[in-house]
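Quick notes on the structure that follows.
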Amino acid sequence: MAANSDFLLTFQEFDSSESHLGGNGDATTISIEDTGAGSHKPQKQRRSAPVTSFEEDNDPLANDDKTELLSGQKRSAPFWTFEYYQRFFDVETHQVRERILGSLLPWPGKNFVHLYIRNNPDLYGPFWICATLVFVIAICGNISDFLVYLGNPQYKYVPEFRKVTIAATAIYSYAWLVPLALWGLLVWRNSKVMNRVSYSFLEIVCVYGYSLAVYIPAVVLWIIPNEAVRWFSIVVALCLSGSILVLTFWPAVRDDQPRVAIAIMTAIVALHILLAFGCKAYFFSTLEVKHTAVDAAVDHGTKSSPTMKMHRTNTMS
Amino acid sequence: MVEVEETSKFMFAGLSDVSISGDIAVEGEINVPVGTPSQDKKYSTLDEPVKDTILRDLKAVGKKFVHVMYPKKSSALLRDWDLWGPLLLCVTLALMLQGGSVDSKEDRGPQFAEVFVIIWFGSVIITLNSKLLGGTISFFQSLCVLGYCIMPLTVAMVVCRLVLLGGSWGFSFIVRLIVVTASFSWSTFASTAFLADCQPPNRKALVVYPVFLFYFVIGWMILTFSPSA
């Protein structure tokens, strides 16, 4: 009995000191997985500390389990229940605002995922940023067409509603299918080469979704029919959002063979460029109005309208 | 008989503080209160004339319209939700927005089905969004509020169609712009007044923004409506 209590005593002492450190939240626990974990763990445990502090004396083991449960994601709800999806919307207004601002201003040292997402990926940002972008593209495309045709008596303004569905398909498939492919690719490379940094599927969706946020002001600028302004805004938007993606995914592939790493990064950037220029070319076209025949029938009094052929050319110059 | 009663009383002596008055009669008639006719009529509306049924629903719908016109923080809209009003407004709006030229299939305005789908699908998405963010409102209550708050935009559509009779551009465009902007902000404000209370305070903006986007898109469709020549 005495040996048992001695054993219990030593065991408890070891555990209580560790959980005491963990439960307080003052000390940082360093895990081997990735360097970003040390910064977020005390924050999570600080949240759980007021709950578990009174239990700490009673059962240090349970304290450890509880912090583990609270810091990680609750995997208890099955995927067909509503609660399963509710944990993807566990964000507050200021968090979403910070994430959007962080995606607008990339910085070489800061990893978007580690700094802003911090193991709390949300689906709110990607979904509503994509929805906003779809409608902004459709509306601004309409306005820019109207401005190009302005003063043209032959032009009858029609709101082209079909463009909304096309824009929605393009943007949503880019924002959800490309992360799926990229995640699969990274998982496959991870099985071959041990990478230090790995992202979950939702974190990749988050990065792609928030990186599209910079396009919204750029698309609004595309209303102006000036080609120089359009080119300037598209280049700036591409640089900002592309650098977010590059800075996020470079740590995940740099441990790989250099050829594979370069190939993956090039593919990411190329798809991004394709999306930007494709949207600009399809929705914001430049006009070349050709007058094929102008009727001089006004002198003769006959009423026939001058025919004009309008070529909507999707030129990029 | 008396001995049985005595023993039973002895066995259940502990229950003496429970107030059972005397002997419980197990013989005799069991009196069931006969339902009064007025109570019956309140719950069974099967026998009333059809006019009463329709008028009652119409009155409820009309009362909710008044609530939307003067949005105060009342819970009447939420308590007795119904989807008649939203259906009426949606069909009216979709019928009026239907447009575009018939000669070219490519460049045309939204068709009836597109407007219908946008309104209902958009409402469902916004409701799901607010529920996922932890809102305490029920699914159909939210649909009801969003549907009823389309009413200012429907009124704006009627006004726009009347204004369009006098020409498409210039002054009529300014008037239409002002009318649509005013009604769109009225819709957003009205629905926020009803919906915002059901959200945790640090997520209010996250719930209000999709509602703003929804009414903005509908307002845009109204503003850019051009009748086929």
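Since every read-out is calculated from the coordinates, none of them should be taken as a lab result. The structure presented is a predicted model; accordingly, all values stated were derived computationally and were not measured. Reconstructed Cβ throughout: ideal geometry from the backbone, glycine too, with neighbour counts over all protein chains shown.
Tabulated data for the structure shown
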item: Chain lengthening between B:L55 and B:I174 when straightened (0.36 nm per residue, less Cα-Cα); result: 38.9 nm
item: Average beta carbon contacts from partner chains per residue of A:93-104, 10 Å cutoff; result: 2
item: Per-residue HN-Hα couplings for region A:116-128 [Karplus 6.51, -1.76, 1.60; θ = phi - 60°; Hz; x = Gly/Pro]; result: 10, 6, 6, 6, 10, x, 10, 9, 5, x, x, 5, 7
item: Unit charges on C-beta of K, R, D, E only; dipole of region A:173-284, Debye; result: 180 debye
item: Integer Hz, Karplus 6.51/-1.76/1.60 couplings in order for region A:205-214, x for Gly and Pro; result: 4, 4, 4, 5, x, 6, 6, 6, 5, 6
item: Range of Cα positions in region A:236-275 per principal axis (Å), largest first; result: 30, 17, 10
item: Average partner coverage of B:115-125, which counts Cβ from other chains inside 10 Å; result: 1
item: Per-selection metrics, region A:173-255 (Cα): Rg and Dmax in Å; result: 15.6, 50
item: Violating pairs (Cα-Cα greater than 28 angstrom) within the set B:K64/B:K131; A:K163/B:K131; B:K64/B:K204; result: A:K163/B:K131
item: Virtual spin-label span in nm between B:F139 and B:A182, 7 Å along Cα→Cβ; result: 3.9 nm
item: Virtual spin-label span in nm between A:I166 and B:E48, 7 Å along Cα→Cβ; result: 5.4 nm
item: Region A:83-141 - Rg and Dmax from Cα coordinates, angstrom; result: 13.3, 39
item: Karplus-derived HN-Hα couplings along region A:184-198 (A = 6.51, B = -1.76, C = 1.60, θ = phi - 60°), whole Hz, x at Gly and Pro; result: x, 5, 5, 5, 5, 5, 5, 6, 8, 10, 6, 8, 6, 10, 9
item: Fully extended contour minus Cα-Cα distance, from A:N152 to A:N190, at 0.36 nm per residue; result: 7.8 nm
item: In nm, spacing of pseudo-spin labels at B:T92 and A:E92 (7 Å Cα→C-beta vector); result: 4.2 nm
item: Protection-proxy order for peptides A:192-202, B:202-212, each taking the mean of Cβ atoms within 10 Å per residue, highest first; result: B:202-212, A:192-202
